[in-house]
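Take a look at the structure below.
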Amino acid sequence: MKQNKTRQPRPVFQIAQRHGRWMLIAPDGSPFISLGVVHIGAVPGFRDEAGERRIPLSEKIASNLHQWGFNTAGYHHPAELRDRMPFLADTYIAWVPYFAPQPRYPDVFGGYASAVRRAIHQMCAPVKSNPNLIGYYWTDTPRWDLDTARRLVNDDWVSAIRRNPAIYPGKQRYVAFLRERHGAKPDVFRKLYGLELHDPCILDADFAGLPLYDPVVHRDDYDFLRLIAREYYRGAGEGMEREDRKHLVFGDRYMLTDMPTEVLEEALPWIDAVAVQPYEARFEKARFDRVYRIARKPILICDHAVSFPTARYPKTGWPKCASEADAARAYQEYLKEAFAQPYMLGYHRCQYVDRFSKSNGVLMQGLVGEDSTPYPTLVEGVRRGNRAILETFQHGTWGE
């Protein structure tokens, strides 16, 4: 009788620690350092309804990126690039990004998991069989830190949940949390919160006028934020296990300045590495070291850039250098400092082509101008910086 052969699983990108250094491992088993560009999908040709330019445009962009030392298409890229280079896929599991004028904080304690499963299915289904898939991202730049959110948008996740009506599961969980926390000292609770802890009407309270910066209330809020994060990441993590157990999960793309310890700790069971979006022109070693101390998992810089003014566009996004040559040097220095850290998996630069926003008069500067002509000094500096990192990785002490 003929025996059926056991089908071996197809190799995928993995993460390993070798010689004290974290690194990606490509499906063929070779060490892989990810140098990428994000927002490639912002190129006008990819929005052409006829789609006639998409294939040749993808071939041209992939050729340019490879010539300039890039090997990854970061998030927000056209599907046509996925057969030409490794890539990452992304979705939103909560509409709370920094660029949203007002975040919409979901009640993660009720009905949230099913919505997240749908979002994750829509992300995974088109890409999980592609051999170039590195892994997945969730929400971009989520607003987690309570103090920062209160200062910038006058709202936060904990306050949004406690304002909800009594029928909301999150409101019920919040009141239960308060009763668990303060049950032994209801008089202290009454003094701080102005409510009777065991009165059923507490569920109807909107908790307006709380002394948010009182040490006890402040600690309560961050501890409840941990419970929010636990539910949020559990829903996302279980959704990923349902859809794709093989590929890497990078989780939320955190702002480097908005990563509360309580939140990061709750994410760790569900992610393979930490995705971080810094902002400063220089590598912020102390902040990155803090993330690694908490996570003990490698880090991927998922979105970052430096810019320079042009005659047409003096106002640019990201930290601004005085000139194109200065921006090229700043890129090289940033890569050198970042990859001196043994926890760094990769660096992804923001923007391929210039994109000007009429609403705020700011240019999000790419590697090429609006007419697709490369910035020569910048591109040459980027190419040199990328090649130096790749050569060190391949021939230095990082590899095998």
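General remarks:
- Within the option set 289, 303, being under 28 Å from residue 21 (Cα atoms), modelled with pLDDT of 95 or more, among the charged types (D, E, K, R) and in contact with a Lys or Arg (Cβ under 7 Å, 6 or more places away or on another chain) holds for one residue only, 303.
- Among the residues making up the stretch 60-100, those that are of a type outside the set (A, V, I, L, M, F, W, C), closer than 22 Å to residue 357 by Cβ, assigned to a loop (DSSP other than H, G, I, E, B) and touching a residue at least 40 places away in the same chain (Cβ under 8 Å) are 74, 75, 92, 98.
- Counting the residues of the stretch 232-291 that are under 22 Å from residue 303 (Cα atoms), in contact (Cβ under 8 Å) with a residue 40 or more places away in the chain and part of a loop (DSSP other than H, G, I, E, B) gives 11.
- Evaluation of residue 126 against (1) touching a helix residue (DSSP H, G or I) at 6+ places or on another chain (Cβ under 7 Å); (2) closer than 30 Å to residue 27 by Cα; (3) not charged (D, E, K, R) (one fails), failing number: (1)
- Considering the stretch 126-148, the residues that are part of a strand (DSSP E or B) and not β-branched (Val, Ile, Thr) include one that is farthest from the chain's Cα centre (by Cα), namely 133.
- Checking residue 275 against (1) under 30 Å from residue 354 (Cα atoms); (2) in contact with a helix residue (DSSP H, G or I) (Cβ under 6 Å, 6 or more places away or on another chain); (3) buried (at least 22 other Cβ atoms within 10 Å of the Cβ); (4) not β-branched (Val, Ile, Thr), the condition it does not meet: (2)
- Tally, over the stretch 128-174, of residues that are over 24 Å from residue 38 (Cβ atoms) and in contact with a Ser or Thr (Cβ under 7 Å, 6 or more places away or on another chain): 0
- Count of residues meeting criterion [surrounded by fewer than 16 Cβ atoms within 10 Å (Cβ to Cβ) and hydroxyl-bearing (Ser, Thr, Tyr)] in the stretch 112-134: 2
- Complete set of residues in the stretch 87-143 that are within 26 Å of residue 350 (Cβ to Cβ), aliphatic (A, V, I, L, M) and modelled with pLDDT of 95 or more: 88, 89, 93, 94, 96, 119, 120, 123, 127, 133, 134
- Output for the stretch 348-379, where each listed residue is acidic (Asp, Glu) and modelled with pLDDT under 95: 370, 371
- Of the residues making up the stretch 213-234, those that are under 21 Å from the mean Cα position of the chain (by Cα), surrounded by fewer than 21 Cβ atoms within 10 Å (Cβ to Cβ) and of a type in the set (Phe, Trp, Tyr) number 0.
- In the stretch 42-59, the residues that are surrounded by fewer than 19 Cβ atoms within 10 Å (Cβ to Cβ) and either among the hydroxyl-bearing types (Ser, Thr, Tyr) or within 22 Å of residue 331 (Cβ to Cβ) (or both): 42
- Number of positions in the stretch 278-288 that are more than 15 Å from the chain's Cα centre (by Cα) and surrounded by 13 or more Cβ atoms within 10 Å (Cβ to Cβ): 5
- Enumeration of residues in the stretch 350-381 that are closer than 18 Å to residue 309 by Cβ and part of a helix (DSSP H, G or I): 376, 377, 378, 379, 381
- First in the stretch 149-178 and assigned to a helix (DSSP H, G or I), second anywhere and among the β-branched types (Val, Ile, Thr) and modelled with pLDDT of 95 or more, Cβ under 6 Å, 6 or more apart: 157/228; 170/161; 174/161; 175/202
- Scanning the stretch 300-329 for residues that are of a type in the set (A, V, I, L, M), in contact with a helix residue (DSSP H, G or I) (Cβ under 9 Å, 6 or more places away or on another chain) and either part of a helix (DSSP H, G or I) or farther than 26 Å from residue 359 by Cα (or both) yields 301, 325, 327, 328.
The values are calculated or read from the model by the stated rules, or taken from the named source; none is laboratory data. All of these numbers come straight from a predicted model, not from anything done at the bench. Cβ atoms come from the backbone with ideal geometry, glycine included; neighbour counts cover every protein chain shown.
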